[in-house]
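Participant: Starting off with a structure, shown below.
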Amino acid sequence: MDFNLSEEQQMLRDMVRKIGENEFKPKAAEIDQKEEFPWQNKRILEENGLLGIQVPEEYGGAGAGMVSLAVVVEEVARVCASTSVILTTQALATDPLLIAGNHDQKMRWLKPMAEGSVLGACAITEPGAGSDVTGIRTVAAPKDNGYVLNGTKIFITDGGVSDIVTVLAFTDKSKGNKGMSMLVVPKDVPGFSVGKEEKKLGIRGSDTRELIFEECFVPEENIIGSPGDGFKILMKTFNYTRPAVGAQALGIAQGALDAVLDYVKGRMQFGKTIAEFQGVQWMLAEMALKIELARTMIYRVCGTIDNVPDLKDIPRLASMAKWFASDTAMQVTTDAVQLFGGYGYSREYPVERMMRDAKITQIYEGTNQVQRIIIANQMLR
Ligand SMILES: Cc1cc2nc3c(=O)[nH]c(=O)nc-3n(C[C@H](O)[C@H](O)[C@H](O)COP(=O)(O)OP(=O)(O)OC[C@H]3O[C@@H](n4cnc5c(N)ncnc54)[C@H](O)[C@@H]3O)c2cc1C
């Protein structure tokens, strides 16, 4: 098994690192402070073909696979987590179509999203249903060769800036999770409105919204797969998107370690740089160990998805990678603030932002408690 990046992947990493350092890093603090969606960064991602890196070329992407997506997300998150959310959310919105869409749906919706001209969002969570997806109340009732959609979704990333939303709803509640379907809902459908914007702890440059569907008519050709396939498609989607969130966490952790390494070599106390104290060196070594382990787990699952996409281990490996990488991000960023001392607590330095940005990776795409449930269930089956 080869954990090294191919020549193309190394070139991709170097290209994205350069863009990150030159374009995203200098603006990251301002984006966080203003809490504004970074449209200019979105355009840079689009111009460089980075919004559909894992989507086949036939459907507007780069056809570069999941390892490449992880590399891109890590490099962007290293310098600006809010900008990396554009990448992970686009993957969350496009993957249901990639997994189960027919050719027409892929040409109509997946292609413009993979090319980056159109942003997508994915709407699952509701006020009463987060970890337990089967608790959703949104209904798409069959009517006249289509469905009438009613319900409210919350916490939807990019909900206010996207043109297309993939929505999970019951088309037949009597069948439980086998009665759930995934529908493509364009923004201009009558009855679809965008509600309040969440004010958040971190990833403040990402747009997080309530979405309201009132008597929204959606034609039957907008159902992804067959009616009743929604839950299955969503679970498969998470197998692909959880490693991407893991890569986001990894990037945040690596960014914090980079900042700390610079700082400890310059900060003098007791007549020495603080890098010379063994207590500090041990903290740095532990941070580096966890980051390297997280990277290995993410490459392993992404490589498996690229090479053996139907392997039964993928849900377990995806959950483990997301869980471990996000816990690593939280620990490494907290330690980074500690090693900066009082300056770490100041907004003048980036590590407090990184610590706030890291927290969400333990919560979305299934909390880390939910990842434990998935891993245990797969082992005990
Ligand atoms: C910034 C942000 C962006 C988001 N983006 C999106 C998006 O784009 N699309 C979307 O659909 N959703 C999105 N979400 C929603 C996110 O996926 C949910 O918040 C998450 O899945 C948790 O659901 P919940 O908030 O309802 O918490 P709950 O499910 O109420 O969980 C509360 C606590 O209980 C724990 N818990 C729950 N069940 C169990 C159990 N069986 N065993 C042990 N512990 C348990 C959880 O781990 C958690 O600690 C976003 C959320 C945020 C904050």
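Participant: I need the full set of residues from the range 356-368 which are open to solvent by 20 Å² or more (accessible area, probe 1.4 Å) and either more than 16 Å from the ligand (Cβ to nearest atom) or under 18 Å from Lys199 (Cβ atoms) (or both), in order please.
Facilitator: Arg356, Lys359, Ile360, Ile363, Tyr364 - these are the residues of the range 356-368 that are open to solvent by 20 Å² or more (accessible area, probe 1.4 Å) and either more than 16 Å from the ligand (Cβ to nearest atom) or under 18 Å from Lys199 (Cβ atoms) (or both).
Participant: I'd like to know if the range 328-347 contains one or more residues that are crowded, with 16+ Cβ neighbours inside 10 Å, touching a Ser or Thr at 6+ places or on another chain (Cβ under 7 Å) and at pLDDT 95 or above.
Facilitator: yes
Participant: Taking into account only those residues within the range 190-199 that are outside any loop (DSSP other than H, G, I, E, B) and more than 12 Å from the ligand (Cβ to nearest atom), which is most open to solvent (accessible area, probe 1.4 Å)?
Facilitator: Selected residue: Lys196.
Participant: Moving on. Would you be able to say whether some residue in the range 33-56 is buried (at least 22 other Cβ atoms within 10 Å of the Cβ), in contact with a Lys or Arg (Cβ under 6 Å, 6 or more places away or on another chain) and not acidic (Asp, Glu)?
Facilitator: So far as the range 33-56 goes, no, none of its residues is buried (at least 22 other Cβ atoms within 10 Å of the Cβ), in contact with a Lys or Arg (Cβ under 6 Å, 6 or more places away or on another chain) and not acidic (Asp, Glu).
Participant: Would it be correct to say that Ile374 is of a type in the set (A, V, I, L, M, F, W, C), within 15 Å of the ligand (Cβ to nearest atom), under 25 Å from Thr157 (Cα atoms) and open to solvent by 70 Å² or more (accessible area, probe 1.4 Å)?
Facilitator: For Ile374, the condition - of a type in the set (A, V, I, L, M, F, W, C), within 15 Å of the ligand (Cβ to nearest atom), under 25 Å from Thr157 (Cα atoms) and open to solvent by 70 Å² or more (accessible area, probe 1.4 Å) - is not met.
Participant: Among residues belonging to the range 158-189 that are in contact with a Lys or Arg (Cβ under 6 Å, 6 or more places away or on another chain) and in a loop (DSSP other than H, G, I, E, B), point out the one that is farthest from the ligand (Cβ to nearest atom).
Facilitator: Asp163
Participant: Taking the criterion of being modelled with pLDDT of 95 or more and surrounded by 24 or more Cβ atoms within 10 Å (Cβ to Cβ), would at least one residue in the range 284-294 satisfy it?
Facilitator: Yes, the range 284-294 contains at least one residue that is modelled with pLDDT of 95 or more and surrounded by 24 or more Cβ atoms within 10 Å (Cβ to Cβ).
Participant: Another one. Checking the structure you have, find out if any residue of the range 200-212 is more than 16 Å from the ligand (Cβ to nearest atom) and either buried (at least 24 other Cβ atoms within 10 Å of the Cβ) or not aromatic (Phe, Trp, Tyr) (or both).
Facilitator: No: the range 200-212 contains no residue that is more than 16 Å from the ligand (Cβ to nearest atom) and either buried (at least 24 other Cβ atoms within 10 Å of the Cβ) or not aromatic (Phe, Trp, Tyr) (or both).
Participant: Then there is this: Go through the range 310-327 and report how many residues are among the hydrophobic types (A, V, I, L, M, F, W, C) and either in contact with a Cys (Cβ under 7 Å, 6 or more places away or on another chain) or open to solvent by 10 Å² or more (accessible area, probe 1.4 Å) (or both).
Facilitator: 5
Participant: In addition: Every residue in the range 243-283 that is under 24 Å from Glu74 (Cα atoms) and open to solvent by 40 Å² or more (accessible area, probe 1.4 Å), please.
Facilitator: Passing the criteria: Asp258, Leu261, Asp262, Met283.
The values are calculated or read from the model by the stated rules, or taken from the named source; none is laboratory data. Predicted model only: the values in this text are computed from it and were never measured. Neighbour counts are summed over all protein chains in view; Cβ atoms, including those assigned to glycine, are modelled from backbone coordinates with ideal geometry. Side chains included, ligands, DNA and RNA excluded: accessible areas come from the protein's heavy atoms. Shrake-Rupley method; radii C 1.70, N 1.55, O 1.52, S 1.80 Å.
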